[in-house]
Amino acid sequence: MKIEPIPFEPPLLEQDFTLSEKKVQGAHIGKREGALFVSSSSRYKLECSSSQKVFVLEGEGHFKWKRGETNYREGQAFLLEKIGEYELSGAGKYLIIF
């Protein structure tokens, strides 16, 4: 179980997704094979049972998970491994690679 910083090199950007008309958990989302784009005004919950890369494209806030909190800001990226349920707390745009 860990969250660690990685180089910020997003393989996809917002324009690579078609965003949903309906909000999911208060956020607009876009899906592609192996990737999720989230545009959230406050928070968004996800599950990480193996590994994920999270790129913070806009905004700042913190990851909230059962082992604590980790701050993030625009231009940062993280590797998450087996942290279970977590929350992106803060307004922003995120790219999650599964």
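We did not get these values from a lab; they are worked out from the coordinates using the rules stated. Fair warning: this is a prediction, and the values are worked out from it, not measured in the lab. Here the Cβ is made from the backbone with ideal geometry for all residues, glycine too, and neighbour counts use every protein chain on show.
Going by the alpha-carbon gyration tensor, a ≥ b ≥ c the square roots of its eigenvalues, is the chain rounded (a/c under 1.5) or, if a/c is not under 1.5, prolate (a/b greater than b/c) versus oblate? Rounded, since a/c falls under 1.5.
Under a model in which nothing but the beta-carbon of Lys, Arg (+1) and Asp, Glu (-1) is charged, the stretch 2-97 shows a dipole of about 340 debye around its Cα centre. Working from label points 7 Å from Cα in the Cα-to-Cβ sense, the K22 to E58 distance is 2.4 nm. In plain terms, the chain from E69 to E81 could stretch by 2.9 nm, reckoned as 0.36 nm per residue minus the Cα-Cα distance. Take the Cα of K2, step 7 Å toward its Cβ, do the same at S51, and the gap between the two points is 1.0 nm.
For the peptides 16-22, 60-66, residues were scored by their other Cβ atoms within 10 Å and the scores averaged per peptide; the highest-first order is 60-66, 16-22.
Protection proxy ranking of 41-53, 81-93, by the mean of other Cβ atoms within 10 Å over each peptide's residues and highest first, is 81-93, 41-53.
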